[in-house]
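I have placed the structure first, in the form of structure tokens, so that the comments after it can refer back to it.
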Amino acid sequence: MKIKTLSFLFFLAWVSMASAQKNEGIIQFEEKVNMHRSLPPDAADMKAMIPEFRTQKNELLFNATESLYRNVEEEEEDEEIGGGGVQIRMQRPETIYYRNFAAGRKTDFQEFFGKNYLVDDTLAKGNWKVAAETKEILGYTCLKATTSDTSRKREIVAWFTDALPLQTGPAQFGQLPGTILEIDINNGEIVISAKKVEFKKLKKDEIEAPKKGDKTTDAEFKKIVADRLRENGGRQMRIIRN
């Protein structure tokens, strides 16, 4: 009888450990940006100077109550176009999106035009519309959800799965009843797709809110971005001439 009790307790511990492992891990994402479509109308001449698409890697770390989305370090390459020592360097700003779902807070680190900002605010509920349409991503059945960002003229489609119940996703996107595994902005202008889901025990304090940068709110940072891009003609690019 004692052996049976010990076996049952071991089984419960094993189930608890397996369940915990399913609530913790890393999702690898690939972000593909159509650079030509993101150019302002008066910059059509720049299409010959930059590649049409830019692909970069990101990762989402998560546990039962928090998530952290960040860049994956990659070697930057300059591309020389048309000779004459002209190089186009597409700068990738550092970004960190931290979410604490238990506290209902977000803390984002944003590098913008050479300055660091710390955007600390409450988590917005979002304005998603969930549809009946489904598709499979990495073996997970995902539901479709849509929303609009009128200030930036963006139509956003998300594919999320309730098999991963945390209300998170790539970049700033989340607040759906499950984890977002794909985002499509303006029908292919930006596509962020999950490439691998790995359940693993994370290191202590691997998920924590960023701390550096000038502290601001979500609304204040959006105004800073809008004002600066308006001054700069909508471009965030550095041209290097040797």
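The values are calculated or read from the model by the stated rules, or taken from the named source; none is laboratory data. Just so we're clear, the structure is a prediction, and the values are computed from it rather than from any experiment. Note that we place each Cβ from the backbone using ideal geometry, even for glycine, and neighbour counts take in every protein chain shown. Calculation scope for accessible area: heavy atoms of the full protein, side chains included, ligands and nucleic acids excluded. Shrake-Rupley method; radii C 1.70, N 1.55, O 1.52, S 1.80 Å.
Using all C-alpha to C-alpha distances in segment 139-180, build P(r) with 5 Å bins and read off the rounded percent in each one.
Answer for segment 139-180: a P(r) of 7, 24, 30, 21, 11, 5, 2 percent.
I'd like the carbon and sulfur percentage of the solvent accessible area for segment 173-235, probe radius 1.4 Å, heavy atoms only, ligands and nucleic acids excluded.
Result for segment 173-235: 48 percent of the exposed heavy-atom area is carbon or sulfur.
Mind checking which lysines have their C-alpha under 21 Å from K215, skipping anything on the same chain fewer than 8 residues away?
K106, K115, K223
With the calculation restricted to Cα positions, what are the radius of gyration and Dmax of segment 117-242 in angstrom?
Both quantities, over Cα of segment 117-242: 17.3, 54 Å.
At a probe radius of 1.4 Å, what is the per-residue accessible area of T217, in Å² to the nearest 10?
50 Å²
Inverting the mean 1/r over all pairs of different Cα atoms, compute the Kirkwood radius of segment 168-228 and quote it in Å.
15.0 Å
About the Cα centre of segment 133-200, how large is the charge dipole given +1 on each Lys and Arg Cβ and -1 on each Asp and Glu Cβ? Please answer in debye to the nearest 20.
160 debye
Ordered by residue, what ³J(HN,Hα) values in Hz, to whole numbers, does segment 163-169 give under the Karplus form 6.51 cos²θ - 1.76 cosθ + 1.60, where θ = phi - 60° and Gly and Pro are x?
5, 10, x, 5, 7, 10, x
Using the Karplus curve 6.51 cos²θ - 1.76 cosθ + 1.60 with θ = phi - 60°, what ³J(HN,Hα) values do you get for each residue of segment 129-135, in whole Hz, with x for Gly and Pro?
Result, ordered by residue: 10, 8, 10, 7, 5, 10, 7 Hz.
Could you order the peptides 192-198, 58-64 from most to least packed, using the average number of other C-beta atoms within 10 Å per residue?
58-64, 192-198
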